[in-house]
Amino acid sequence: MKQQPLVSELNRAGFTTLAMDLRGHGESRQAEDGSDDGARVLDRDPKLFNAMYLDVAAAVDWLREHRHISGNRLALVGASVGCSVAMHAVASGAVIPAAVVLMTPGTNYLGVPTMQHIKSWPDRSLLILSSIEEQDRDAVQIHRALKNRGAELVVLKQDGIHGTRMFGRVEGIENRIALWLLNVMQAGK
């Protein structure tokens with residue numbers, strides 16, 4: 001299994017991590033009925049993307065059942081469409097984390113209506129990371145809607161760093177995320 005830079009940094013900071021493949025991605029391409037969800041991803045099927053929050057909820061349930069997390073000491077980190085999926089999981093109440101990190105979020109990415117989900121957003125620590133080239137598309141709108149509820153927006157000056165492309169291109173971004181999460185968790189003790 002390939003080690004991801006954020007996973008390594010979070011593990012060094014004392015976090016237990018689970019990097020998951022949402023349905024239709026990586027090793028989760030095959031649906032329960034044997035069909036290819038990977039093809040549905042390529043077709044940008046909004047029904048598939050709007051169901052991905054259930055994958056996050058199932059992963060969190062698994063972590064709790066196996067005692068990898070307890071109480072509210074949980075954080076979600078989403079990149080690109082994973083931001084929309086994470087926000088959907090939290091806004092629906094399927095997952096109740098202490099904190100969420102969004103790396104280049106979208107307001108309606110692949111049919112997942114983030115701005116609608118914001119209406120049900122609970123008070124949770126939220127860090128929004130965006131590139132300067134993409135900030136006005138969606139990150140600023142999301143931040144504007146949630147800034148009075150503690151959302152933080154960090155605009156990075158690099159271009160071409162959508163989602164996980166931040167890793168290896170934005171110096172220290174992995175450490176910055178880990179420290180932010182540590183501070184949130186320590187404040188919530």
Per the list (1) modelled with pLDDT of 95 or more; (2) under 24 Å from Glu27 (Cα atoms); (3) not hydrophobic (A, V, I, L, M, F, W, C), residue check on His68 breaks on (1)
Does Val77 qualify as being in a strand (DSSP E or B) and either open to solvent by 50 Å² or more (accessible area, probe 1.4 Å) or without any contact (Cβ under 8 Å) to a residue 60 or more places away in the chain (or both)? yes
Got at least one residue in the range 130-138 being among the aliphatic types (A, V, I, L, M) and either in contact with a helix residue (DSSP H, G or I) (Cβ under 6 Å, 6 or more places away or on another chain) or modelled with pLDDT of 95 or more (or both)? no
Over the range 143-158, the set of residues modelled with pLDDT under 95, open to solvent by 60 Å² or more (accessible area, probe 1.4 Å) and not in a helix (DSSP H, G or I) is Lys157
Take the range 1-13 and flag every residue that is under 25 Å from Asn183 (Cβ atoms), of a type in the set (D, E, K, R) and open to solvent by 70 Å² or more (accessible area, probe 1.4 Å). Arg12
Of the residues in the range 100-123, how many are in contact with a Lys or Arg (Cβ under 9 Å, 6 or more places away or on another chain), without any contact (Cβ under 8 Å) to a residue 40 or more places away in the chain and under 20 Å from Val155 (Cα atoms)? 3
Pair list, Cβ under 8 Å, 6 or more apart: the range 41-53 residue under 17 Å from Ala89 (Cβ atoms) and modelled with pLDDT of 90 or more, other residue polar (S, T, N, Q) and open to solvent by 40 Å² or more (accessible area, probe 1.4 Å): Tyr53/Ser92
Which of the residues spanning the range 108-134 are in a loop (DSSP other than H, G, I, E, B) and either surrounded by 19 or more Cβ atoms within 10 Å (Cβ to Cβ) or of a type in the set (A, V, I, L, M, F, W, C) (or both)? Leu110, Trp121, Arg124, Ile132, Glu134
Among (1) of a type in the set (Val, Ile, Thr); (2) part of a helix (DSSP H, G or I); (3) open to solvent by 80 Å² or more (accessible area, probe 1.4 Å), Thr16 falls short only on (2)
Checked the range 22-40 for anything of a type in the set (A, V, I, L, M, F, W, C) and modelled with pLDDT under 80; matches are Ala31
Taking the range 80-104 and the residues there that are in a loop (DSSP other than H, G, I, E, B) and open to solvent by 10 Å² or more (accessible area, probe 1.4 Å), the one that is farthest from Lys119 (Cα to Cα) would be Ser80
Filter result (open to solvent by 70 Å² or more (accessible area, probe 1.4 Å) and assigned to a helix (DSSP H, G or I)) within the range 19-60: Glu27, Arg40, Leu42, Lys47, Leu54
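The values are calculated or read from the model by the stated rules, or taken from the named source; none is laboratory data. As the structure is a computational prediction, the values presented were derived from the model and not from experiment. Neighbour counts are summed over all protein chains in view; Cβ atoms, including those assigned to glycine, are modelled from backbone coordinates with ideal geometry. The protein model used for the area step is the full one, side chains on, heavy atoms only, and it has no ligands, DNA or RNA in it. Shrake-Rupley method; radii C 1.70, N 1.55, O 1.52, S 1.80 Å.
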